[in-house]
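The values are calculated or read from the model by the stated rules, or taken from the named source; none is laboratory data. Owing to the predicted nature of the structure, the values given are computational and were not obtained by experimental measurement. Virtual Cβ from ideal backbone geometry, glycine too; neighbours counted across all protein chains shown. All accessible areas refer to the heavy atoms of the entire protein, side chains included, with ligands and DNA or RNA removed. Shrake-Rupley method; radii C 1.70, N 1.55, O 1.52, S 1.80 Å.
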Amino acid sequence: MPTPLSDRSACLGALSGALSGLLITLPAAVEIFTGETAATSFFLALAPAFSLPLLAALHRRQGPAAGRFGETAYAVNLIGLGLFGGAAFTSNLVLFYFDDAVVKKTLTGPTVPTLIGSAAVFAVGCALFGAAMIRARVLPRVPSWAYATAVPLFAFLIALPDSALTSALHIAVGATLIRLASALRRPAGKAARRAGALAGHAGPG
């Protein structure tokens, strides 16, 4: 029997989300002992791209229960993730190889405000989407709360010098993505019934 499209999308989101979490968690664990390296930066640069299918699958899973707020939160989070992913890719695969003097010379004009704005949109989007997950009650509560709180902090604290704190935050964010990805592997029937019931009680919006 062919796999339904929704199930295939959930599987893709789960696999991509787990990979994204691993691409954040494992390099961060290594950096505790080695500091930032070319290898760890390479994998961290790729992580945001693999979280895009996860975000889409999470939104699809909780859509009926999340309502209009969930739609808005998803749109803001999707835009923010695209902006932040581009900034992370540039930082880890381009600026990483420049001398400090070249980096300072490069980060002029609108570059720094744009990077800060990208981080801000990403942080707001994650907070909103995390709140939508908490409100919908379709996905596990602990990673939903972590997505709403730890991931927005991640957007700004990663600009700090490497330390045990930044590595721990990377690991927490990666573990959150892995946990949400694993939730997508459960059958959608029970979540859909709960979502429908909640949507019926809550009414439109």
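Can you tell which of 37, 10, 126 lies farthest toward the positive end of the dipole of the chain, using +1 and -1 charges on the Cβ of basic and acidic side chains (Lys, Arg; Asp, Glu)? So the residue furthest toward the plus end is 10. Taking 19 Å as the cut-off, the amide N atoms of the stretch 164-181 that come nearer than this to a point 7 Å along the Cα-to-beta-carbon line of residue 33 belong to 164-172. Protection proxy ranking for 84-97, 110-123, 132-145, using the average of other Cβ atoms within 10 Å per residue and placing the highest first: 132-145, 84-97, 110-123. The length gained by stretching the chain between residue 6 and residue 78 to full extension, at 0.36 nm per residue less their Cα-Cα distance, is 24.0 nm. Nearest 10 degrees is fine. How inclined is helix 5-34 to the longest principal axis of the chain, computing both from alpha carbons? Between the helix axis and the principal axis of the chain, the angle is about 30 degrees.
Considering only the other residues whose Cβ falls under 15 Å of the Cβ of residue 47, what net charge follows from Lys and Arg at +1 and Asp and Glu at -1? Write out the running numbers ahead of the final one.
Working: positive: none; negative: 31, 36.
Around residue 47, the surrounding residues sum to -2.
What a 1.4 Å probe finds exposed on the stretch 52-100 is 64% carbon and sulfur by accessible area, rounded to a whole percent.
Using a probe of 1.4 angstrom and keeping all protein chains present, the accessible surface of the stretch 45-100 works out to 45 square angstrom per residue. Rounded to the nearest 10 degrees, the angle from helix 164-183 to the longest Cα principal axis of the chain is 30 degrees.
Descending by average beta-carbon neighbour count within 10 Å, the peptides 37-47, 167-177 line up as 167-177, 37-47, the highest first.
What is the gain in length, in nm to one decimal, between residue 142 and residue 42 on full extension, counting 0.36 nm per residue of separation less the C-alpha to C-alpha distance? Intermediate results must be reported in sequence, preceding the final value.
Details: separation 100, 0.36 × 100 = 36.00 nm, distance 2.93 nm.
Stretched out fully, the residue 142 to residue 42 stretch lengthens by 33.1 nm.
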